[in-house]
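Worksheet: one structure, shown below.
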Amino acid sequence: MPASRFLLIPLMAAALACGCSMPKVRHKPGPSAAETFDSSNTYTRTFDHSPAQTCEAARRALLSQGFVVGRADADVVEARKYFQQDESHEQVEFRAVCMPALRGEQQTVVFVNAVLDRYTLRKSNTSASLGVSALGSVSLPIGTTEDSLVKVASQTLQDPNFYKRFFSVLERFLPEEVERPAPPRPAGQTDLFPVPLVPQPTPAELQPEPPPAPAVPDAAVPVP
């Protein structure tokens, strides 16, 4: 056996020993959203009213709490509200979606979501130069400070009491009369003889006609 092989075997053994003694590098898991997808009803409620009635009540509920409504449709309502604390500015964007319920006796299920954006006031320095013609080419540096709002955080509000209070206000604006959808027609049912729509007469047309004048008898003719 060549001498090089005798030297290679101890080197390989030493390398394996070093590899086993080296500490293993553990990869830290990356940051992930703390979402559990539980079965709580924090963001949903069901109502007996129609989707249009429920979304209208949601719009009135948000207006009553000082929100500025930016979108109000029959199935979606979006609004926002502003808060100011010292140099921190906060903005809450609220969204409610009204959809027909697929289970149970209620007609509408409402999905709500509120996002809190936090801004802070930051100052940025800018410099400018002023040229004075009387003194030649002399320029004086002038410093100015500009204030601007910068977003520093954004998160979804997860407080169950926040949404519970909103739904309580929404219920106060629901009308007493509940709209019911028209019952669906049986499958395959068609009108064999469609009836044309006849305009209904007006009250003036329904007045009774005056009775005809009595006939006047002819004058008697003398007989010769």
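Carbon and sulfur together cover what percent of the accessible area of the stretch 33-105 at a 1.4 Å probe radius?
48 percent
With the crude spin-label approximation of a point 7 Å out along Cα→Cβ, what separation in nm comes out for Asn161 versus Val68?
With each label placed 7 Å out from Cα toward Cβ, I get 2.9 nm.
How fast does the stretch 34-114 diffuse by Stokes-Einstein, in µm²/s, taking the Kirkwood radius from C-alpha pairs at 20 °C and 1.002 mPa s?
Diffusion coefficient, whole number: 155 µm²/s.
Provide the FRET efficiency to the nearest 0.05 for the Val152-Lys81 pair, computing r from the beta carbons and using R0 = 25 Å.
After rounding to 0.05, the efficiency reads 0.85.
The values are calculated or read from the model by the stated rules, or taken from the named source; none is laboratory data. This one's a predicted model, so the numbers in the text were calculated from it and none came from an experiment. All Cβ positions, even for glycine, are placed from backbone atoms using ideal geometry, and neighbour counts span all protein chains on display. These accessible areas exclude ligands, DNA and RNA; they are computed on the full protein's heavy atoms, side chains included. Shrake-Rupley method; radii C 1.70, N 1.55, O 1.52, S 1.80 Å.
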